[in-house]
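Heads up, the thing below is written out as structure tokens.
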Amino acid sequence: MMFSAKLRLNLPQEKLCSKVKSLIQELGLSHVARTRVGDGDDRVRGISGGERRRVSVGVEVIHDPKVLILDEATSGLDSTSALQIIGMLKVMAESRGRTIILSIHQPGFGIVKLFNSILLLANGSVLHHGTVDLLDVNLRLMGLELPLHVNVVEFAMESIETIQQQQQQKSQQVQVKAPKQLLGTMRLKKADDQGESRSGKFTLQQLFQQSKVFDIENMNVGMDFSCHHANSRLRETVILAHRFSKNIIRTKELFAFRIIQMLISGLILGSIYGNLKDGIVGAEQRVGLFAFILTYLLSSTIEALPIFLQEREILMKEISSGSYRVSSYAIANGLVYLPFLLILAILFAVPLYWLIGLNPNFTAFLHFLLLIWLILYTANSVVVCFSALVPNFIVGNSVIAGVMGSSFLFSGYFISNHEIP
């Protein structure tokens, strides 16, 4: 929530802290304030499903939007957690004067009582729009008796076919009684009656299509649809770099494994190619060593693919809500990996370079270290680039394998640049 507050609000640190603390208290998350959110599996269990849903709501309301739209806010939750979520939203709507619109399936009796207004839909048509009490009255007028201990909304959903038949009959009677002038006026609003449904009403999709008849130029006069960002590009980059750093530090297994992998690889290669000789044989061995180093380093960065694929949905959501710019994300992502990859390059290059007995000049060693660092950074950038283009890990793995293969082939170690047809 603090990261969301920093990205969406341009306020001093003290005000951000107090705002986040008050929101955590309002959401009823004070008892898990210092707990990892987790990913829902056994590896990082984290908080419960209802608490995770409240965190999601908190991230979206940190900047006090006037309207909050939630898609199936109670899906996958038990009845108690679902009621807690809706109760929290009810309090938030009343205390902050906020309009909250949410879609919900099979709401319980306690949840139904909290709604100010419900919109009951079937096949894109509106069956009811109003209070729950009005729905009860309408059902009784249709001759439908509500059984005892049955939720009125659930009963209405079970009686959808009957309600549709009643509405269709009523609309047909209205059409028969309506004077011709009224019908003529309705037809003038639309040149043809293709959008009119069989029941005489319009579905939401048809109404949406019909609304496009309005002059878009007149609608857009005086309106500014440009996305406003709370922070400058530099501040966004700093905040995102901080978040990336935390994510890298928290993935201790990957971080430790890469360090051990690069250190052991450097020691093994250094021991195998130790004390290279001069002459043709030594030159051939050096070329083979450099070709293997390039192949190994390029193929060892493939683990960056699933990391970005997990982050991509979060990125798209935060970009669409105007939290930050895409360029800020790309710059921060690139900057954070620079020191991490430099550590890996040092652990790989130091034992390898001096065990083999390459040029003892320290400047030559720095040149070798720079090349190792750039190879790792380039490979990581290529993986992140293509992970932004592919739909899933399987396709990404295949595409990146082909790209890396072409890099090996045209690296100059296997065929000379002059001999490529």
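For all pairs of alpha-carbon atoms in the stretch 1-87, what percent lies in each bin of width 5 Å, listed from the first bin to the last filled one?
2, 13, 23, 23, 20, 12, 5, 1
Scan the chain and note any complete DSSP helix (H) whose C-alpha atoms cover at least 15 Å along its axis and whose Kyte-Doolittle average is 1.0 or more.
252-272, 280-299, 326-356, 362-387, 393-409
Which residues in the stretch 279-302 have a backbone N closer than 18 Å to a point placed 7 Å from the Cα of E419 along the Cα-to-Cβ line?
280-281, 283-292
Can you pull a Stokes-Einstein diffusion coefficient for the stretch 1-167 at 20 °C (1.002 mPa s), Rh from Kirkwood over Cα pairs, as a whole number of µm²/s? Walk me through the intermediate numbers first.
Numbers: Rh = 18.0 Å.
The diffusion coefficient I find is 119 µm²/s.
Roughly how many nanometres apart are two label points built 7 Å out from the Cα toward the Cβ at T35 and S22?
Output for this residue pair reads 2.6 nm.
Subtracting the Cα-Cα distance from 0.36 nm times the residue separation, let me have the gained length for I343 to H228 in nm, one decimal.
37.6 nm
In the stretch 4-40, whose amide N lies under 19 Å from the spot 7 Å out along Cα-to-Cβ of L102? List them in ranges.
23-30, by backbone N distance to the label point.
Relative contact order, percent, of the stretch 251-410 when contacts are C-alpha pairs under 8 Å separated by at least 6 residues?
This gives 41 percent for the stretch 251-410.
Can you tell me the equivalent ellipsoid semi-axes for the chain? Use √(5λ) from the Cα gyration tensor, largest first, whole Å.
Details: eigenvalues 746, 149, 88 Å².
Ellipsoid semi-axes (Å, largest first): 61, 27, 21.
Just the number please: accessible area per residue for the stretch 320-386, 1.4 Å probe, all protein chains included, in Å².
On the way: 2990 Å² over 67 residues.
Per residue, the stretch 320-386 has an accessible area of 45 Å².
So if each residue of separation counts as 0.36 nm, and I subtract the Cα-Cα distance between N275 and F255, what length gain in nm does that give? Present the calculation step by step, with values, prior to reporting the outcome.
Details: separation 20, 0.36 × 20 = 7.20 nm, distance 3.13 nm.
Full extension from N275 to F255 adds 4.1 nm.
For the stretch 379-421, build the convex hull from the C-alpha positions and give me its volume per residue in Å³.
Numbers: hull volume 3.4 nm³, N = 43.
Cα convex hull per residue, to the nearest whole number: 79 Å³.
Which order, highest average first, do 247-258, 303-314 follow once you tally other Cβ atoms within 10 Å for each residue and take the mean per peptide?
Listed from highest to lowest mean packing, they are 303-314, 247-258.
Could you calculate the contour length gain from T162 to F408, that is, 0.36 nm times the residue separation minus the distance between their Cα atoms, to one decimal place in nm?
Values: separation 246, 0.36 × 246 = 88.56 nm, distance 6.83 nm.
Gain on extension, T162 to F408, equals 81.7 nm.
Quick one: Debye curve from the C-alpha atoms of the stretch 251-410, no solvent, what's log10 I(q)/I(0) at q = 0.16 Å⁻¹?
With one equal scatterer per Cα and no solvent, log10 I(q)/I(0) is -0.97.
Would you please give the FRET efficiency between T80 and I394, computed as 1/(1 + (r/R0)^6) with r the Cβ-Cβ distance and R0 = 45 Å, to the nearest 0.05?
That pair, T80 with I394, gives E of 0.70.
The values are calculated or read from the model by the stated rules, or taken from the named source; none is laboratory data. Small disclaimer: the values here were computed from a predicted structure and weren't measured. Ideal geometry is used to build each Cβ from the backbone, glycine not excepted, and the neighbour counts take in all protein chains shown. The accessibility values were calculated without ligands, DNA or RNA, using every heavy atom of the protein model including side chains. Shrake-Rupley method; radii C 1.70, N 1.55, O 1.52, S 1.80 Å.
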